[in-house]
Amino acid sequence: EIVLVTGVQTCALPILWVPLLQAKASGDDAPGQNFDWDVLLGDCDGVMDMPPGIFAEELLDFYPGAKVVLNRRRDMDAWHRSLNGAAEMILGSWGIWGLSWWDAELFWWYRSAVLWMGIMGKGEGGFEKMGKEWARKYYERLEEKLKSEKREYLDWEVKDRSEEHTSELQSPVL
């Protein structure tokens, strides 16, 4: 049973994300909608964060019986500062970029991170200006989809961590 967690996963090879992200970044959703996600995620017990979060709607369609934890940070300003700072530190690092040319997994991970940050910051001003608006619309779309499909989900924030929340899904979530 797959548990979908939106909100770093290591079971999927970064190289497989890049073509999907490139299509999504160019406005083409078809590759993600038609993709056999078991090829990429079949060995995973769950997924979270990015890049899977970019394909949350496609994953919800592909895994209709999956348990869903909608993981978000309610303080959008704090989330934005945190992710923007991490992106500047990682994606703005010449050292990491240089190392990525010598390590295949790092190369594909770095490339995927550039793409998903670009998707989240599409528009004038990039993520710094557009990131919060992207996130607001993202969570609205996911909530609307989950509610319209009458799917149970746990709306959760890390600071909410407790056993009573995980029991709501009737499945252990680690």
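Among the conditions (1) within 20 Å of residue 21 (Cα to Cα); (2) open to solvent by less than 80 Å² (accessible area, probe 1.4 Å); (3) at pLDDT 85 or above, the only one that residue 78 does not satisfy is (1). Within the range 19-48, being modelled with pLDDT under 85, within 15 Å of the chain's Cα centre (by Cα) and open to solvent by less than 50 Å² (accessible area, probe 1.4 Å) holds for 44, 46, 47.
The values are calculated or read from the model by the stated rules, or taken from the named source; none is laboratory data. Computed from a predicted structure; not experimentally measured. Heavy atoms of the whole protein, side chains included, go into the accessibility calculation; ligands, DNA and RNA do not. Shrake-Rupley method; radii C 1.70, N 1.55, O 1.52, S 1.80 Å.
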